[in-house]
1. With viscosity set to 1.567 mPa s at 4 °C, what whole-number translational diffusion coefficient in µm²/s follows for segment 11-182 from Stokes-Einstein and a Kirkwood radius over Cα pairs?
2. For 347, 141, 312, what's the fewest-to-most ordering of other Cβ within 10 Å of each Cβ?
3. Set the Förster distance to 22 Å, then compute FRET efficiency between residue 318 and residue 233 from the Cβ-Cβ distance, nearest 0.05.
4. Taking square-rooted eigenvalues a ≥ b ≥ c of the alpha carbon gyration tensor, is segment 147-306 rounded, prolate or oblate, where a/c under 1.5 means rounded and, failing that, a/b exceeding b/c means prolate?
5. I need the per residue convex hull volume for segment 188-390, using only the alpha carbons, in cubic angstrom as a whole number.
6. Please work out whether segment 4-106 counts as rounded, prolate or oblate from its C-alpha gyration tensor, where a ≥ b ≥ c are the square roots of the eigenvalues and a/c under 1.5 means rounded, while otherwise a/b larger than b/c means prolate and anything else oblate?
7. By how many degrees, between 0 and 90 and to the nearest 10, does the Cα long axis of helix 48-58 differ from the longest principal axis of the chain?
8. Measuring from label point to label point, each 7 Å out along Cα→Cβ, what is the residue 70 to residue 382 span in nm?
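Bear in mind these aren't lab numbers, they're just calculated from the coordinates by the rules spelled out. Computed from a predicted structure; not experimentally measured. Cβ placement follows ideal geometry from the backbone for every residue including glycine, while neighbour counts extend to all protein chains displayed.
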Ligand code: NZQ
Ligand code: ZN
């Protein structure tokens, strides 16, 4: 193992009815003003809003609502939330939703107390948070991003056509309540794209140096296999609690820094998808389903040893006298087949891009940087090739 320092300051509460069990006590640790943040309204249909609001009222909290956080949250929405948090002197931000709500609220927790230009100082480039931000609590309603247990926040600046993620440990939520039952009302397409997103977090960590025997890669293989197996089960029966609960915790594990210990990490696929998302507002997991397999076809020779191990350890492919290159290819193609099996898009057209948007591909590609963690350095021309092949 390489050297590392590990810390994760989020306290996670997992399981059926955990909100009713733990939220009342957790609320006692914060002042009376709560900013209740949520998305486009799913929590009003599935009963989560009523349950949470009931607990907040019973605890005597003054609640200010911050609704309408969109998928791929925008910087404008962050500033709106920051103004609300400031005007109402929020003592706690309670984010109830998926990655978009959680990410937006992390940025709000910072923007509400920072005097300068938050985008310029913390997203355009990495910044230093050496001052207290507003405490954040999370109630997760859909899984996949792993945002519930890290400091990552991916924000879209519409004016600059940039979708940028930063991970600040200071923005980790104080607590995260993860009830797999809350995810039952998620549309099947979102359930699948979320699970695939978490699988990509595992892969983007796994396919990077170092490649010698290390605990992180071994845990990673177990998580990838669990996610593939349980996603298949959840597609068959969306109310299979074992499957849904495993998907939730595996996605948290993929992004709570444990898998990344001692690993360089790649995340070239995410760089490509975020650029695409900035221009098209596409679903994150679906964008990854299109781009990541094509990227892996480009790097499978450079990373042949690991792609071959992926084939045998994750997909159970027999060696059968195959060469390393053949086995590596089988690993990538097993992933391609899985994307088709679970019904995610495999081309940009299937993702919903129009002929008119196709003309944007050179511009989208030009905003992508090459990941220093990749098995192969991609130049601008090869990045554009990937987008064109994805068309
Ligand atoms: O907005 P509402 O009405 O709540 O509906 C949401 C939304 O339409 C719906 N939903 C959520 N919980 C539900 C539900 N519908 C029914 N029942 C429920 N219980 O699901 C839809 C998608 O929600 P969203 O939060 O956008 O999805 P996701 O969790 O996939 O988050 C995506 C965002 O996270 C970023 C992505 O780039 C994207 O902006 N990421 C954040 C990361 C991080 N912070 O570590 C890492 C990831 O790689 C990712 O980039
Ligand atoms: Zn992701």
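1. Rounded, D is 82 µm²/s.
2. Listed from fewest to most nearby Cβ atoms, that is 347, 312, 141.
3. 0.35
4. Here segment 147-306 falls in the rounded category.
5. Hull volume over Cα atoms, normalised by residue count, gives 112 Å³.
6. It is rounded, given that a/c, with a ≥ b ≥ c, falls under 1.5.
7. 30 degrees
8. Each label point lies 7 Å from its Cα, and together they span 3.5 nm.
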